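Participant: Here you go, one structure.
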Amino acid sequence: MDELTLHLPYGLRQELDDLADATGRRPEDIALDAVLHRVAKEASPVRVWAETLADAHADLLRRLGA
């Protein structure tokens, strides 16, 4: 697994630690879940937009060999 360092404001880090303690999880696991949720939420609309653009410009992309 690749490593990522996040610099969190003290208050947010404290809230994360409190949530981890209350739920019996590691702060790292909660942060990973948050990132996975955000990526899943934003990836679908971005993919749809990219496919829409690709379809709209399919002839040009074919001529460019893309």
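The values are calculated or read from the model by the stated rules, or taken from the named source; none is laboratory data. Being a predicted model, the structure only gives us computed values, none of them experimental. Glycine also receives a Cβ, built like all others from the backbone with ideal geometry; neighbour counts cover every protein chain displayed. Please note that ligands, DNA and RNA were not included when accessible areas were found on the heavy atoms of the full protein model with its side chains. Shrake-Rupley method; radii C 1.70, N 1.55, O 1.52, S 1.80 Å.
Participant: Looking at 64, 16, 12, which is the one that is surrounded by 10 or more Cβ atoms within 10 Å (Cβ to Cβ) and without any contact (Cβ under 8 Å) to a residue 12 or more places away in the chain?
Facilitator: 12
Participant: Moving on. Tell me which of these residue 23 doesn't satisfy, since it passes every other one: (1) over 19 Å from the mean Cα position of the chain (by Cα); (2) of a type outside the set (A, V, I, L, M, F, W, C); (3) open to solvent by 80 Å² or more (accessible area, probe 1.4 Å).
Facilitator: The number of the failed condition is (3).
Participant: Okay, moving on. Please identify the pairs in which a residue from segment 26-55 that is open to solvent by 70 Å² or more (accessible area, probe 1.4 Å) and assigned to a helix (DSSP H, G or I) has its Cβ atom under 9 Å from the Cβ atom of a residue that is among the hydrophobic types (A, V, I, L, M, F, W, C) and at pLDDT 85 or above, counting only partners at least 6 apart or on another chain.
Facilitator: Short answer, once both residue conditions are applied: 28/20; 35/4.
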